[in-house]
1. If I ask for residues that are facing chain B (nearest Cβ under 8 Å) and out of contact with any strand residue (DSSP E or B) (no Cβ under 7 Å at 6 or more places or on another chain), which ones from the stretch A:381-410 would you list?
2. Filter the stretch A:321-338 down to residues that are away from chain B (no Cβ under 11 Å) and within 27 Å of the chain's Cα centre (by Cα) and give me whichever is nearest to A:HIS263 (Cα to Cα).
3. From the set of residues in the stretch B:251-294 that are touching a Ser or Thr at 6+ places or on another chain (Cβ under 7 Å) and among the basic types (Lys, Arg), which is surrounded by the most Cβ atoms within 10 Å (Cβ to Cβ)?
4. Any residue at all in the stretch B:228-250 that's out of contact with any Phe, Trp or Tyr (no Cβ under 8 Å at 6 or more places or on another chain), modelled with pLDDT under 95 and of a type in the set (A, V, I, L, M, F, W, C)?
5. Identify the residue in the stretch B:249-260 that is of a type outside the set (A, V, I, L, M, F, W, C) and within 16 Å of the chain's Cα centre (by Cα) and, among all such residues, is nearest to B:ALA277 (Cα to Cα).
6. If you go through the stretch A:362-380, how many residues are facing another protein chain (nearest Cβ under 7 Å), crowded, with 24+ Cβ neighbours inside 10 Å and farther than 25 Å from B:LEU20 by Cβ?
7. Among the numbered conditions (1) closer than 30 Å to B:ILE216 by Cβ; (2) at the interface with chain A (Cβ under 7 Å from one of its Cβ atoms); (3) surrounded by fewer than 23 Cβ atoms within 10 Å (Cβ to Cβ), tell me where B:GLU359 comes up short.
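The values are calculated or read from the model by the stated rules, or taken from the named source; none is laboratory data. Model, not experiment: these values are computed from the prediction. Here Cβ is always computed from backbone atoms with ideal geometry, including for glycine, and neighbour counts include all displayed protein chains.
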Number of protein chains: 2
Amino acid sequence: MELLEICKNAKEASYVVGKLGTDEKNRTLLAAADALTANARMIMEANAKDIENGRKNNMPEALIDRLLLNEARIEQIALGLRQVASLEDPIGEVLSMKRRPNGLMIGQKRVPLGVVGMIYEARPNVTVDAFGLCFKTGNAVILKGGSDAICSNIAIVSILQQTLERQGLARAAVSLIEATDRETAAAFMKMNEYVDVLIPRGGAGLIRAVVNQATIPVIETGTGNCHIYVDESADFDMARDIIVNAKTQRIGVCNACESLVIHEAIVDTFVPYVLKALRQKNVEFRGDAAAFAAAGAALEGVKEADESDWGAEYLDYIISAKTVGSVEEAIAHINRYNTGHSEAIITKDYANAEKFLNEVDAACVYVNASTRFSDGFEFGFGAEIGISTQKLHARGPMGLLALTSTKYIIYGNGQVRP
Amino acid sequence: MELLEICKNAKEASYVVGKLGTDEKNRTLLAAADALTANARMIMEANAKDIENGRKNNMPEALIDRLLLNEARIEQIALGLRQVASLEDPIGEVLSMKRRPNGLMIGQKRVPLGVVGMIYEARPNVTVDAFGLCFKTGNAVILKGGSDAICSNIAIVSILQQTLERQGLARAAVSLIEATDRETAAAFMKMNEYVDVLIPRGGAGLIRAVVNQATIPVIETGTGNCHIYVDESADFDMARDIIVNAKTQRIGVCNACESLVIHEAIVDTFVPYVLKALRQKNVEFRGDAAAFAAAGAALEGVKEADESDWGAEYLDYIISAKTVGSVEEAIAHINRYNTGHSEAIITKDYANAEKFLNEVDAACVYVNASTRFSDGFEFGFGAEIGISTQKLHARGPMGLLALTSTKYIIYGNGQVRP
């Protein structure tokens, strides 16, 4: 199908989906979950072609693994839809309704965004997640997945569309752009007339490309150069446990810690202390002059950091360390080099904790906890469509609310403006 | 000053302004109001040069009038700053704070956006308004005004910067891009590293240019192709009064009514009725076949509409009229041609009123009231930075809240992710 036709149909479908009641939406989500499980074999056959192509193109094993769908994973994906069905429906809530002096009643009502465009890379589970979250919030969704997962995505979307049809709903509530060339992607990003928001999910390159090319409003997600500042008063055990967790609990994720900031008064004692634990996990340590010296310059896995380290999102078993003279200097360093994702201070000092919370410019700012908690499920949203690192519309982990807008509804009885 | 330097300085200043207490901000706003009044003569001298240039360039009188500053207008502008000072400061409020099962306390705190970029046309009052609203919300602002008002803007911004300096604050909390060439404007729109949001204010051409060129997130404001649907059950007097108000109370504004949608059952009786009142205000009437016939085709000021009328934002003494067979058809016509601004239904029918409120896709949807109420002051916000016609971040009239973001603040006591 032509791109333009996909977009037009999605817009039409969005008016239908936007009007559905909660029960109707939940019934469809559960039917879709059943259909995915029932058609697991067909999905796996399509997925096998993607895997075969991936191997032909020498895709790294880690990516092959992310691409692979088996019965257990499909069951897990279907379970995700059931969970979304169980969440509260945010659509239709009137957030406030006040009477103006002229008698007008003005309220703000939560409504769907309309048409959501998702641009993402190889993971086929995003295909189902995005449909589930967008459908629950009354939006139509247009999916533009990566070429690596195209066969899997075609199979999954056809099952979702069949489900919609069986429920008497517009197939175009979910659609897939099957063309995987760059021109189609670029044209899609300029379909302002039909698409209300674009959400890119993937690596820094994908997100930058979307931000630079799109004329549709974009919610930037993703890249995280997250810091942990170890204050002079930090509890060493707590700092070590949080750092090891934030660095190594899962290595390739945006809320992993990439850089330590350490108060100069403790650098000589704390660095050897945390280094021992980090080296047990095979983490390479890149310190500035003071941290490098404190680490024992000659040790294996210890290097001197250079300027490029401060801005690096390693997504690897590497951590940098910067020494600072004060909490103010720590905040200035973090605000200069971070990506606005998640930042933590480890401290026993009340004033420093509050200063850090107030002045660090990021979506999520922690006192005495791991940055790994920046996640829609950990925050209690029951779902996550991504983590916004921009300041408009949604900031931090995004659940269902991020997929909604509002409109003012005004009840009058003949008022005109004087 | 170089564009890059302006942007960098604004970013630095935003950290300072973002930390200010409410009292400090209000003191500065009041001092700026005093300084504008005290320097009225200097502002008027600069303005006189803009007026002179405008006349040389054959600027229409209406635009000359919008550009003109006299003592009374400067006093009015200063009063605007005093009013902003009197508004509640939204910054620092924690919108919710909940304990998670693992003991983490997660709250969402209202914070400044950071650096706001305003791109606007000839009206020099926007220069002061934008500073006032951005400063009150802890943001630095970079102003890119039109070349027509450049002398006025330079004078005004220099007074604001002097005030900041006297208060011991960074001058760069407000700055003006003095270069008026298109290349500078285009480069400004891509300064993502330093500018958090762009707000264009002006005609449709300006807004389209910003949306198409900017890589910084944009809040679209402005254009309004607003409809009034006169339902079968409408009170004719109420409908007439609202239509005349929405069309003629102020002609060149985005919340003015541009198009009527009329139920076919009343087209023959209502059109002559409303036409009489509209013709008294010299409004030209462009009807589809049924409305044209009902109007009395041969009358002066009555024309037959063509397809291009349905999408037109006249900003003039012209109104179009479309005949429909049902409220559903009215909604479909409006959703097809509107710009997502403000739409009204005039009806006595409960079900039709609710259907219209639910299904019309616009920032503000009215029952039995004039679309002219779509305005930050009329909505009770005490200020307005523009009217958003997009669905992300802010929709409809934008007050101080639209100039804020949030961040998650998380209080832990050593939590790590299992």
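1. Result: A:GLN390, A:HIS393.
2. A:ALA330
3. The qualifying residue surrounded by the most Cβ atoms within 10 Å (Cβ to Cβ) is B:ARG286.
4. no
5. For the stretch B:249-260, the residue satisfying everything is B:ARG250.
6. The total comes to 4.
7. The single condition B:GLU359 does not satisfy is (1).
Table: residues versus (1) over 17 Å from A:ILE199 (Cα atoms); (2) in contact (Cβ under 8 Å) with a residue 60 or more places away in the chain; (3) surrounded by fewer than 22 Cβ atoms within 10 Å (Cβ to Cβ).
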| residue | (1), (2), (3) |
| --- | --- |
| A:TYR120 | no, yes, no |
| A:PRO124 | no, yes, no |
| A:CYS134 | no, yes, no |
| A:ILE142 | no, yes, no |
| A:ILE154 | yes, yes, yes |
| A:GLY168 | yes, no, yes |
| A:ARG171 | yes, yes, yes |
